[in-house]
Amino acid sequence: MLYPISFSIPKTKLYNGFPKKTKFMSDLIPGDVNTYIYETEEDYYKEYQQSYFAITKRKAGWDCMRHYEILANQCIPYFIDIQHCPENTMALLPKNLFIDAIKLHDDYKNKQLDESFIEQYRTLQEKLSEYTKNTLTTDKMALYILNASNFNDAKKILYLSGNTDPDYLRCVTLHGFKSIFGKNCHDYPKIPHIYRTDTIRYNTLYGKGMSYTNLLDAHETRDDILDNTIIEDIENKVYDVIIYGSYHRGIPFYDTICKVYKPNEIILLCGEDIHHCNHKQFTDRGHHVFVRELF
């Protein structure tokens with residue numbers, strides 16, 4: 001089966017309450033590197049918190065972590081060309097509310113922000129905030145995957161990667177599973193940057209490491225000993241379901257897994273901006289495939 005999937009954001013990143021607004025539109029403009037002035041996540045988030053609206057748009061792919069960072073900080077996205085987004089891409093996001101946001105912005109961009117604007121803004125912002133909390137956090141995305149693939153009763157999950165380089169979809173979705181299952185979701189190999197440590201310079205990673213790194217306590221959420229028995233545990237079917245965080249970037253142990261696990265016990269994720277692969281090769285085998293840019 002083929003399903004849509006989107007990025008997500010840790011629920012710990014959601015701003016509680018309604019921040020004081022001092023700007024109609026954020027000064028941060030996608031594509032204008034001169035506006036990329038924020039060195040810390042705190043300062044970056046604050047820019048959105050103090051803005052009524054923030055521009056976002058399609059980059060290499062339609063889905064972008066910026067959408068979620070704007071929403072998490074009680075700001076409303078002004079999504080350029082959202083009406084042209086394919087139906088099955090960003091299918092889990094509230095596109096209809098984004099369209100409402102454009103109208104509200106355009107109605108008031110050259111007007112004084114009166115009580116009517118504030119009332120309309122707060123109503124829309126509250127809808128977006130609730131939607132983000134109920135649908136777009138990492139734990140909700142993990143539950144969506146399990147529900148869609150009929151694994152609501154899964155107790156142990158093996159989350160495999162071909163490499164450990166930053167990959168938004170792989171990283172935030174893994175965080176969601178870790179948030180729910182803790183040590184019962186084992187990532188192999190270990191994705192080091194999602195864990196808190198003094199040995200990683202997070203701000204040197206892609207996107208300065210904002211929103212997807214330094215999230216988990218490894219002592220609480222990972223059992224390193226399981227690395228030593230990875231093949232044995234696969235052969236003994238210790239895990240209920242196998243998830244590949246990015247099948248483009250490697251599918252380790254795939255042949256061994258296919259000998260032990262049923263096809264529908266294998267889930268593959270595709271978080272690429274542009275993909276030239278044939279998802280059908282995996283769906284025809286009976287696997288569950290979740291694709292971010294699904295046209």
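Please verify whether THR123 is in contact (Cβ under 8 Å) with a residue 12 or more places away in the chain and β-branched (Val, Ile, Thr), treating the condition exactly as stated.
No: the conditions fail for THR123.
Among the numbered criteria (1) more than 17 Å from SER6 (Cβ to Cβ); (2) assigned to a helix (DSSP H, G or I), which one does ASN152 miss?
Here ASN152 clears every test but (2).
Taking the stated definitions as given, is LEU158 in a helix (DSSP H, G or I) and assigned by TED's automatic domain parsing to the domain that holds ASP273?
So LEU158 does not fit the description; no.
Would you confirm, using the coordinates I've provided, whether THR256 is at pLDDT 90 or above, surrounded by fewer than 20 Cβ atoms within 10 Å (Cβ to Cβ) and in contact with a Leu (Cβ under 6 Å, 6 or more places away or on another chain)?
The answer is no for THR256.
Can you pull out the residues in region 180-197 that are crowded, with 20+ Cβ neighbours inside 10 Å and within 13 Å of LYS156 (Cα to Cα)?
CYS185, HIS186, ASP187 - these are the residues of region 180-197 that are crowded, with 20+ Cβ neighbours inside 10 Å and within 13 Å of LYS156 (Cα to Cα).
For region 75-125, enumerate the residues that are among the basic types (Lys, Arg) and closer than 18 Å to PHE7 by Cα.
Within region 75-125, just LYS95 meets the criteria.
For every residue, the table says whether it meets (1) part of a helix (DSSP H, G or I); (2) touching a Gly at 6+ places or on another chain (Cβ under 9 Å).
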| position | (1), (2) |
| --- | --- |
| PRO166 | no, yes |
| THR173 | yes, yes |
| GLY176 | yes, no |
| ILE180 | yes, no |
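Among the listed residues ILE242, ILE225, ILE234, ILE200, which satisfies the condition of being part of a loop (DSSP other than H, G, I, E, B), more than 23 Å from LEU14 (Cβ to Cβ) and modelled with pLDDT of 95 or more?
Result: ILE200 is the single residue among ILE242, ILE225, ILE234, ILE200 that is part of a loop (DSSP other than H, G, I, E, B), more than 23 Å from LEU14 (Cβ to Cβ) and modelled with pLDDT of 95 or more.
If we keep just the residues of region 270-289 that are out of contact with any helix residue (DSSP H, G or I) (no Cβ under 6 Å at 6 or more places or on another chain) and not in a loop (DSSP other than H, G, I, E, B), which is modelled with the lowest pLDDT?
LYS280
Residues checked against (1) farther than 21 Å from TYR206 by Cα; (2) surrounded by fewer than 20 Cβ atoms within 10 Å (Cβ to Cβ); (3) aliphatic (A, V, I, L, M); (4) at pLDDT below 95:
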site: THR22; (1), (2), (3), (4): yes, yes, no, no
site: ASP27; (1), (2), (3), (4): yes, yes, no, no
site: LYS46; (1), (2), (3), (4): no, yes, no, no
site: CYS75; (1), (2), (3), (4): yes, no, no, no
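If SER129 satisfies every condition in (1) in contact (Cβ under 8 Å) with a residue 24 or more places away in the chain; (2) assigned to a loop (DSSP other than H, G, I, E, B) but one, which is the exception?
Against the list (1) in contact (Cβ under 8 Å) with a residue 24 or more places away in the chain; (2) assigned to a loop (DSSP other than H, G, I, E, B), SER129 comes up short only on (2).
Does region 221-265 hold any residues that are of a type in the set (D, E, K, R), within 30 Å of GLU293 (Cβ to Cβ) and more than 27 Å from the chain's Cα centre (by Cα), and which are they?
ASP255, LYS262
Within region 83-100, which residues are surrounded by fewer than 22 Cβ atoms within 10 Å (Cβ to Cβ) and among the aliphatic types (A, V, I, L, M)?
ALA91, LEU92, LEU97, ILE99
Looking at region 11-109, what helices (runs of 4 or more DSSP H) fall wholly within it and have at least 2 residues that are free of Cβ contacts under 8 Å to residues at least 24 places away in the same chain?
Answer list for region 11-109: 41-49, 95-108.
Going residue by residue through region 198-208, is there one that turns out to be touching a strand residue (DSSP E or B) at 6+ places or on another chain (Cβ under 9 Å) and surrounded by 15 or more Cβ atoms within 10 Å (Cβ to Cβ)?
Looking for residues that are touching a strand residue (DSSP E or B) at 6+ places or on another chain (Cβ under 9 Å) and surrounded by 15 or more Cβ atoms within 10 Å (Cβ to Cβ), one finds none in region 198-208, hence no.
Just give me the residues in region 179-193 being in contact with an Asp or Glu (Cβ under 8 Å, 6 or more places away or on another chain) and aliphatic (A, V, I, L, M), in sequence order.
Across region 179-193, the qualifying residue is only ILE180.
The values are calculated or read from the model by the stated rules, or taken from the named source; none is laboratory data. In this text the structure is predicted, and so the values were computed from the model without any measurement. When we count neighbours, we look across all protein chains shown, and the Cβ atoms used for this are built from the backbone with ideal geometry, even at glycine.
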